[in-house]
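Only one structure is covered here, and it is reproduced in the block below.
The values are calculated or read from the model by the stated rules, or taken from the named source; none is laboratory data. Every value quoted in this text rests on a predicted model; they were computed, and no experiment measured them. Cβ atoms come from the backbone with ideal geometry, glycine included; neighbour counts cover every protein chain shown.
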């Protein structure tokens, strides 16, 4: 999961949630069925509880691993983008300094070219 897979993680999370919901209902049904039989079987009730706990922990562990992986990928992406922003700001400052220098040189050269022309007109009159 080196690239950003937010859509995949979201869709997988949705399907895992739906499957867990259905699995929970199946576990409740099994528990109620085994409890309300003529002779409740304690071993089946205990086993269903342990199986439900095991499936829940496996599902949560798998989803948690994917979420941590996604968070790590997003954190790396944010770090890279922050470094790019710093570089772009430095480049912008450099370009602004160059443009200010060029504008100052153009203004200075324009003033030098315009000054002698005005003096020639005043001397000719």
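Of 45, 22, 70, which residue is touching a helix residue (DSSP H, G or I) at 6+ places or on another chain (Cβ under 7 Å) and at pLDDT 80 or above?
Details: 45 fails: at pLDDT 80 or above; 22 fails: touching a helix residue (DSSP H, G or I) at 6+ places or on another chain (Cβ under 7 Å).
Within the list 45, 22, 70, the selection yields 70.
From the list 58, 70, 88, the lone residue that is surrounded by 10 or more Cβ atoms within 10 Å (Cβ to Cβ) and in contact (Cβ under 8 Å) with a residue 60 or more places away in the chain is 70. Would you be able to say whether some residue in region 27-44 is within 19 Å of residue 17 (Cβ to Cβ), assigned to a helix (DSSP H, G or I) and touching a residue at least 24 places away in the same chain (Cβ under 8 Å)? Taking every residue of region 27-44 in turn, at least one turns out to be within 19 Å of residue 17 (Cβ to Cβ), assigned to a helix (DSSP H, G or I) and touching a residue at least 24 places away in the same chain (Cβ under 8 Å). Taking (1) more than 27 Å from the chain's Cα centre (by Cα); (2) free of Cβ contacts under 8 Å to residues at least 24 places away in the same chain in turn, residue 64 satisfies each apart from (1).
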